[in-house]
1. Between a residue in segment 60-74 that is in contact (Cβ under 8 Å) with a residue 12 or more places away in the chain and open to solvent by 70 Å² or more (accessible area, probe 1.4 Å) and any residue that is among the acidic types (Asp, Glu) and part of a loop (DSSP other than H, G, I, E, B), which pairs come within a Cβ distance under 7 Å, given they are 6 or more apart or on different chains?
2. Going by the structure shown, is ILE115 part of a strand (DSSP E or B) and at pLDDT 95 or above?
3. Can you name every residue in segment 125-162 that is surrounded by fewer than 15 Cβ atoms within 10 Å (Cβ to Cβ) and part of a strand (DSSP E or B)?
4. Look at segment 123-140 and say how many of its residues are on the phi > 0 side of the Ramachandran plot and among the hydrophobic types (A, V, I, L, M, F, W, C).
5. Which condition from (1) more than 14 Å from the chain's Cα centre (by Cα); (2) farther than 19 Å from PHE74 by Cα; (3) touching a residue at least 40 places away in the same chain (Cβ under 8 Å) is the one that ASP145 breaks?
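The values are calculated or read from the model by the stated rules, or taken from the named source; none is laboratory data. Being a predicted model, the structure only gives us computed values, none of them experimental. Here the Cβ positions follow ideal geometry from the backbone for every residue, glycine too, while neighbour counts run over all protein chains shown. Quick note on the areas: whole protein, heavy atoms, side chains included, nothing else; ligands and nucleic acids left out. Shrake-Rupley method; radii C 1.70, N 1.55, O 1.52, S 1.80 Å.
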Amino acid sequence: MNIIVLNIIKSLQLRRETQFKFIFVDSYYVQDYFYIIPIMAETEKQTLRKAERLNSRILIERLFSGGGKSFPAFPLRIVYMPVEKENLPVVSILISVPKKRFKRAVKRNRVKRQIREAYRKHRQILTDSLAASGKKAIIAFIWLDNELHSSNEVEAKVKKLLTLTTEHFS
């Protein structure tokens, strides 16, 4: 009976790609079945916290006044700069979609959402290497095109920019 229960646990862990802690309560043993109660998943939330957003006017001015380096991956440009502040997270980001590109706020917000989601999915590329080296950075994503692009294309470009930025920091 224990072997069957362990196989069930292994299959649940593989299917969900997370680690679960389980409790077995003997009183829940009914007709050759155990009721498995997952307590808590041990995965880290992949949300983009407010602290990770760049909103310091001083840092933004330093980033764009020649202190930062940049390179494009059309339809995006990334501008980045290492920082030494202690109260910042490992990476702080700014997303800019100029009104010159899209007059309607709906389209600008859509592009910002696409970039934010792509960054949220792939930020580990950059944050892991920076955290390992003890560095911190501020990053700005700037939209360059007058057209909307698919989320898959935006995600591929953000991933490419993050890997290039990681190479420049190493």
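1. Qualifying pairs under 7 Å: PHE74/ASP145.
2. No; evaluated as a whole, the condition is false for this residue.
3. The answer is none; no residue qualifies.
4. 0
5. All conditions are met except number (2).
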